[in-house]
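Participant: Could you have a look at this structure, given as structure tokens, before my questions?
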Amino acid sequence: MSTMGTLPAALGPVTELVGRELEAAMLRERLRDPLVRLVTVTGRAGVGKSRLALEVVREIGGEFGRVEVRDAGAPDTPSALADLAALPALPAHVEGRQESGRVLLLLDGCDHEARPGAAGALEALAGDPRVVVLATAVEPLGVYGELLLPLNPLPVPGPVRGGTAAADPHELQEVASVALFVRRARAADPAFALTPENAGAVAEICTLLDGLPLAVELAARRLRLLPPHLLPVRLRDRTTVLSGGPANAPGRHRSLAALAEWSCRGLDAPARALLERLSVYEPGFGLSAAGLSAEPAVDTLMDRGLLVVVGEERGSCGWPSPSPCAPPRATPWRRRAARTRPGTRTPSATGRWWVPPRPGCGEPGRSISCGSWPPRGPT
């Protein structure tokens with residue numbers, strides 16, 4: 001029998017997990033394994049790492065003798081972790097017995113400035129078999145013995161524009177991203193219902209947002225202002241702002257603009273420059289667009305979730321979603337392209353060079369395929 005622990009108030013109110021049954025089961029199994037010391041839930045910002053970790057700890061925390069919940073970036077966290085590392089050794093007659101009391105530590109948000117300190121503390125805790133650590137981070141911590149549980153966005157419906165696939169409300173309700181949208185929409189407007197009239201629009205909203213839970217929840221709140229059939233248009237044209245997250249949520253979770261700023265924090269110069277250059281492409285550009293010399297920066301962007309592999313062909317990349325998580329289209333490269341003098345080549349959003357027409361000659365502009373970025377276009 002395991003010793004029943006007292007769950008800390010830091011777990012907060014109960015929140016319903018939507019579409020995470022498999023991931024929750026895998027996480028419970030790993031945390032219960034007596035050989036596991038560290039599990040890190042990884043995934044891009046806004047994908048729901050903290051929520052999954054908190055709810056799993058709430059479910060199984062009573063199986064541990066002690067539960068600690070810490071924000072990796074909080075000022076008092078280093079001293080609390082040092083106290084855990086200094087736990088007295090077990091007496092010989094209870095060593096190895098499960099009922100002696102294992103400690104479950106949830107270390108949330110091991111990112112950016114908090115990352116080095118968290119990794120160092122976890123290395124110090126790794127030698128104590130009583131301490132089991134559940135960490136959340138955008139990137140793996142790189143600590144010896146770390147087990148990873150990557151968390152992806154929720155599944156999205158099949159194509160609906162130009163067809164009827166997945167437009168049936170009953171079928172759509174089975175898609176996790178739609179189920180989450182409907183729940184949050186009803187929280188904002190109790191009269192909301194998924195109907196044959198709005199099912200296609202809701203499916204398109206979830207698809208446009210790539211099933212990212214935070215984006216889906218923020219979009220559902222916009223139904224207080226916009227009807228479902230207008231929201232996809234505003235999302236495609238980027239004429240609406242997804243904001244209005246809970247007041248008690250971290251600042252990065254209150255809007256997608258804040259999430260984008262947080263996701264890019266701490267990027268080194270090569271990664272930031274590559275992010276800016278690639279922003280002129282639509283999803284589906286090849287790795288050649290980045291250039292061979294930029295592969296380390298590509299790895300950095302993929303670790304952050306700012307760049308993902310799309311499609312079935314390996315080497316095709318794209319932005320995770322058409323949200324502010326992707327670089328805004330009005331980048332310096334775009335502005336420079338808009339000011340380009342006649343006869344110069346500028347990159348188009350499709351990864352091709354656009355040669356503007358020469359004034360007065362009546363010759364239309366033409367596009368030329370490019371193989372790398374910056375491309376070595378024809379002279």
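The values are calculated or read from the model by the stated rules, or taken from the named source; none is laboratory data. Given the structure is predicted, the values throughout are model-derived calculations rather than measurements. Note: ideal-geometry Cβ built from the backbone for every residue, glycine included; neighbour counts use all protein chains shown. Surface areas here come from the heavy atoms of the whole protein model, side chains and all, with no ligands, DNA or RNA. Shrake-Rupley method; radii C 1.70, N 1.55, O 1.52, S 1.80 Å.
Participant: Can you tell me which residue in the range 1-47 is nearest to Asn152 (Cα to Cα), limited to those that are at pLDDT 90 or above and β-branched (Val, Ile, Thr)?
Facilitator: Ranking the candidates gives Val47 first.
Participant: Tell me, yes or no, whether the range 156-169 has at least one residue that is among the acidic types (Asp, Glu) and surrounded by 19 or more Cβ atoms within 10 Å (Cβ to Cβ).
Facilitator: Pass one, the range 156-169, residues among the acidic types (Asp, Glu): 168.
Next, only the ones that are surrounded by 19 or more Cβ atoms within 10 Å (Cβ to Cβ) stay: none.
Scanning the range 156-169, I find no residue that is among the acidic types (Asp, Glu) and surrounded by 19 or more Cβ atoms within 10 Å (Cβ to Cβ), so the answer is no.
Participant: Considering only residues that are touching a residue at least 24 places away in the same chain (Cβ under 8 Å) and open to solvent by 20 Å² or more (accessible area, probe 1.4 Å), look in the range 240-249 and name the one that is farthest from Gly305 (Cα to Cα).
Facilitator: Taking the range 240-249 first, the residues touching a residue at least 24 places away in the same chain (Cβ under 8 Å) are 242-245.
Okay, now just the ones that are also open to solvent by 20 Å² or more (accessible area, probe 1.4 Å), so 243-244.
Values: Ser243: 20, Gly244: 23 Å.
Going through the qualifying residues, I end up with Gly244.
Participant: Next question, about the same structure. Taking Arg254 as the residue in question, decide whether it is within 21 Å of Ser50 (Cα to Cα), surrounded by fewer than 24 Cβ atoms within 10 Å (Cβ to Cβ) and not small (Gly, Ala, Ser).
Facilitator: Values: within 21 Å of Ser50 (Cα to Cα): yes; surrounded by fewer than 24 Cβ atoms within 10 Å (Cβ to Cβ): yes; not small (Gly, Ala, Ser): yes.
Spelling it out, Arg254 is indeed within 21 Å of Ser50 (Cα to Cα), surrounded by fewer than 24 Cβ atoms within 10 Å (Cβ to Cβ) and not small (Gly, Ala, Ser).
Participant: Restricting attention to the range 198-236, and to residues there that are outside any helix (DSSP H, G or I) and open to solvent by 30 Å² or more (accessible area, probe 1.4 Å), which single residue is farthest from Pro169 (Cα to Cα)?
Facilitator: As a first pass, look at the range 198-236 and keep what is outside any helix (DSSP H, G or I): 198, 209-212, 225-230.
Okay, now just the ones that are also open to solvent by 30 Å² or more (accessible area, probe 1.4 Å), so 210, 225, 227, 229-230.
Values: Asp210: 19, Leu225: 22, Pro227: 17, His229: 15, Leu230: 18 Å.
So the residue we want is Leu225.
Participant: Also, I was wondering about something else. Anything in the range 30-84 that is of a type in the set (Ser, Thr, Tyr) and either open to solvent by 60 Å² or more (accessible area, probe 1.4 Å) or over 24 Å from Thr15 (Cα atoms) (or both)? List them, or say none. Walk me through how you get there before you give the answer.
Facilitator: Here is the first cut: in the range 30-84, the residues of a type in the set (Ser, Thr, Tyr) are 40, 42, 50, 77, 79.
Passing the criteria: Thr77, Ser79.
Participant: On to the next question. State the number of residues belonging to the range 59-93 that are among the charged types (D, E, K, R), farther than 14 Å from Leu107 by Cα and under 29 Å from the mean Cα position of the chain (by Cα).
Facilitator: Adding up the residues that qualify gives 1.
Participant: Do you know which residues across the range 242-263 are in a loop (DSSP other than H, G, I, E, B) and in contact with a strand residue (DSSP E or B) (Cβ under 7 Å, 6 or more places away or on another chain)?
Facilitator: Applying the first criterion (in a loop (DSSP other than H, G, I, E, B)) to the range 242-263 yields 242, 244-250, 254.
Within the range 242-263, Leu242, Gly245, Arg254 meet the criteria.
Participant: Look through the range 264-279, keep the residues that are part of a helix (DSSP H, G or I) and touching a residue at least 40 places away in the same chain (Cβ under 8 Å), and return whichever of them is surrounded by the most Cβ atoms within 10 Å (Cβ to Cβ).
Facilitator: Applying the first criterion (part of a helix (DSSP H, G or I)) to the range 264-279 yields 264, 269-278.
Of the ones still in play, those that are also touching a residue at least 40 places away in the same chain (Cβ under 8 Å) are 264, 275-278.
Numbers: Cys264: 17, Leu275: 21, Glu276: 14, Arg277: 21, Leu278: 27.
Filtering the range 264-279 for residues that are part of a helix (DSSP H, G or I) and touching a residue at least 40 places away in the same chain (Cβ under 8 Å), the one surrounded by the most Cβ atoms within 10 Å (Cβ to Cβ) comes out as Leu278.
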